[in-house]
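Following: one structure in structure tokens, then a few remarks.
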Amino acid sequence: MKASFKAKYDADKTTPASAITLAFNAGDVKLRASMTDATLVNGPCLNGLALAVDKPGSFTIDYNVPKKDFRFQFMNTIKISEKPLNLVYSHSRGDQRTMLDGTLVIDSANKVSANHVLGSGNCKLKYTYVHGGLTIEPSYELAKDSWDFAVSRKVYTDHVLRAVYQTSNQNLALDWTTKSQMAGSYKISALFNLEDGVKVPRVTAESTWDFEM
């Protein structure tokens, strides 16, 4: 059985948040149970409790216990001119939201993705280019007629720096992530809104530890 503990600190909030996930294999299917600090604070309850059944590359079923809401996700891959097209169909029963995702892998350095929510009239397109440790991802959202630009750079072996700029709201997000087998993984984020000039950013920090049980 595998277990993970995740803690998150938001500078805009007075108390940190945490989450625990337990996962174990049942044949080729993975079973997961996750809970947040809301599940245990003031006595055990169902708040923040979620269950999932996952078969990698095939399907995922999530169940939000307090909301009694199911989310289904099905994955498949087909070939177009010998290029793999990865397809994902997602449906949330609670808000009756259905989403289609497709990613065409042109080669090891280039791929094109599209995302569409049925009935929304919107579509988001993304191009990904990878060269060495550098990844560039421009994307365009049809409904907003706006572009987003993401750039990430792998530094050394376990460190990644990432910047994302959203032209629709002029938000600039900067992330630093690192992963270690001994010390777990860490992520520090800063969010700037540049609409009225550079101001003090919103800062968050996350840490995750994985365990074998």
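The numbers here are math on the coordinates, done by the rules we state, and not lab data. Every value quoted in this text rests on a predicted model; they were computed, and no experiment measured them. When we count neighbours, we look across all protein chains shown, and the Cβ atoms used for this are built from the backbone with ideal geometry, even at glycine.
What the table shows:
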{"read-out": "Extension gain, Lys68 back to Ala205 (0.36 nm per residue minus Cα-Cα distance, nm)", "value": "46.3 nm"}
{"read-out": "Convex hull volume per residue for the chain, taking Cα atoms only, in Å³", "value": "173 Å³"}
{"read-out": "Mean Cα-pair separation over length for the range 1-67, i.e. relative contact order, pairs under 8 Å, 6 or more apart, %", "value": "22 percent"}
{"read-out": "Relative contact order computed over the range 86-211 (Cα-Cα under 8 Å; 6+ residues apart), in percent", "value": "11 percent"}
{"read-out": "Total charge dipole magnitude, the range 1-67, about the Cα centre, Cβ charges on Lys, Arg, Asp, Glu only, Debye to nearest 20", "value": "100 debye"}
{"read-out": "Karplus-derived HN-Hα couplings along the range 17-34 (A = 6.51, B = -1.76, C = 1.60, θ = phi - 60°), whole Hz, x at Gly and Pro", "value": "10, 9, 8, 10, 10, 10, 9, 8, 8, 10, x, 8, 10, 9, 10, 10, 9, 10"}
{"read-out": "Under 13 Å from the Leu194 label point (7 Å along Cα→beta-carbon), backbone N, the range 149-178", "value": "149-151, 163-174"}
{"read-out": "Principal axis dimensions, the range 137-211 - Cα atoms, whole angstrom, descending", "value": "44, 26, 23"}
{"read-out": "Mean projection area, nm², convex hull over Cα of the range 1-67", "value": "5.7 nm²"}
{"read-out": "Contact order normalised by residue count of the chain, Cα under 8 Å, 6+ apart, percent", "value": "14 percent"}
{"read-out": "Within the chain, helix-based [θ] at 222 nm, where runs of 4 or more DSSP H residues each add -39,500 (n - 2.57), nearest 500", "value": "-500 deg cm²/dmol"}
{"read-out": "Those residues of the range 161-189 whose amide nitrogen sits under 20 Å from the label point placed on Val130, 7 Å along Cα→Cβ", "value": "161-164, 175-180"}
{"read-out": "Of Lys67/Lys126; Lys111/Lys154; Lys30/Lys124; Lys126/Lys154; Lys79/Lys144; Lys67/Lys187, pairs whose Cα-Cα distance is over 23 Å", "value": "Lys67/Lys126; Lys30/Lys124; Lys79/Lys144; Lys67/Lys187"}
{"read-out": "Point-charge dipole on Cβ atoms (K/R +1, D/E -1) for the chain, about Cα centre, debye to 20", "value": "260 debye"}
